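Since every read-out is calculated from the coordinates, none of them should be taken as a lab result. Quick caveat, the model's predicted, so the values are computed rather than measured. Here the Cβ positions follow ideal geometry from the backbone for every residue, glycine too, while neighbour counts run over all protein chains shown.
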Amino acid sequence: MKKVPNHLGIILDGNRRWAKEKGLSAFEGHKKGLETIKKTIEWCKEKGIKTLTLFVFSTENWKRPKKEVDYLMKMAEKMESHFSKAVKQNIKLKVIGQRDRLPLAVRASIKRIENLTKNHNAMTLNFALSYGGRAEIVEAVKNIMRQKVDTNKIDENLISKNLWTSDLDLIIRTGKEQRISNFLIWQAAYSELYFLKKYWPDFNKRDLNQAISEYARRQRRHGK
């Protein structure tokens with residue numbers, strides 16, 4: 001393809017509804033969703049996407065049933081084994097979000113995999129885990145305040161530098177909803193949006209290709 005997004009963000013929505021429609025437990029939906037994540041990483045690397053950010057668990061998701069949250073945290077604990085192939089492929093793995101809310105074992109797993117891949121440069125893979133866009137902006141403001149920056153020097157560029165990741169080119173959302181749900185709201189200011197009427201476990205390579213083709217077709221004028 002002639003034009004691919006430099007930074008792609010995906011809102012992974014629909015694991016539970018996919019499972020419910022098939023008479024399965026929510027756990028089975030999340031398990032299938034994980035397999036789709038692994039394949040999507042491969043496809044994005046093949047396309048030459050430089051940064052991929054996956055919205056896997058929001059700050060609002062803490063309100064879900066405890067058994068489901070515990071199951072998802074156990075999945076996160078095994079990040080090293082789940083994404084060992086990405087590590088071998090020179091992909092840098094990072095987690096963005098409110099880490100202090102995560103179990104200690106999950107934080108330890110994150111630290112290990114980030115240290116292991118910190119010098120990798122084939123692609124950057126961000127997991128938005130315990131993440132909220134408004135919370136990210138609040139943290140950026142707090143960080144600027146700690147630096148005791150002159151208020152006259154605070155501008156959009158400075159705020160951007162204190163965020164957890166860079167501007168987005170394209171956002172894909174599965175699950176039939178048409179909103180960004182507090183996902184990278186600062187970085188999404190000029191993003192192209194692509195909504196897909198299928199649940200995340202059913203997302204496939206053709207869906208990704210179609211989204212990128214649509215992105216390439218659109219004229220991005222940025223107000224010009």
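For the range 109-170, the list of trypsin sites (Lys or Arg not before Pro) that fall in a loop by DSSP and count at most 15 other C-beta atoms within 10 angstrom reads Lys118, Lys148. Add +1 for every Lys or Arg and -1 for every Asp or Glu among the other residues with Cβ under 13 Å from the Cβ of Asn143, and state the total. Local net charge: +2. Taking a ≥ b ≥ c as the square roots of the Cα gyration tensor eigenvalues, with a/c under 1.5 meaning rounded and otherwise prolate when a/b beats b/c, else oblate, which class fits the range 29-149? Since a/c reaches 1.5 but b/c is at least a/b, the shape of the range 29-149 is classed as oblate. Comparing Trp200, Trp18, Trp62 in a Gaussian network model of the chain (Cα springs below 10 Å), the most mobile by mean-square fluctuation is Trp62. Using a cut-off of 32 Å between Cα atoms, the listed pairs Lys3/Lys161; Lys20/Lys74; Lys67/Lys111; Lys20/Lys111 include Lys20/Lys111 as exceeding that distance. Ordering Ser84, Ser109 by the number of other Cβ atoms within 10 Å of each residue's own Cβ, fewest first, gives Ser84, Ser109. Model label sites at Gln89 and Asp155, defined 7 Å from Cα along the beta-carbon direction, differ in position by 3.9 nm.
At an R0 of 30 angstrom, the distance between the Cβ atoms of Arg146 and Lys78 translates into a FRET efficiency of 0.30. With a simple spin-label model that places each label point 7 Å from the Cα along the Cα-to-Cβ direction, the separation between Trp62 and Arg218 comes to 3.2 nm.
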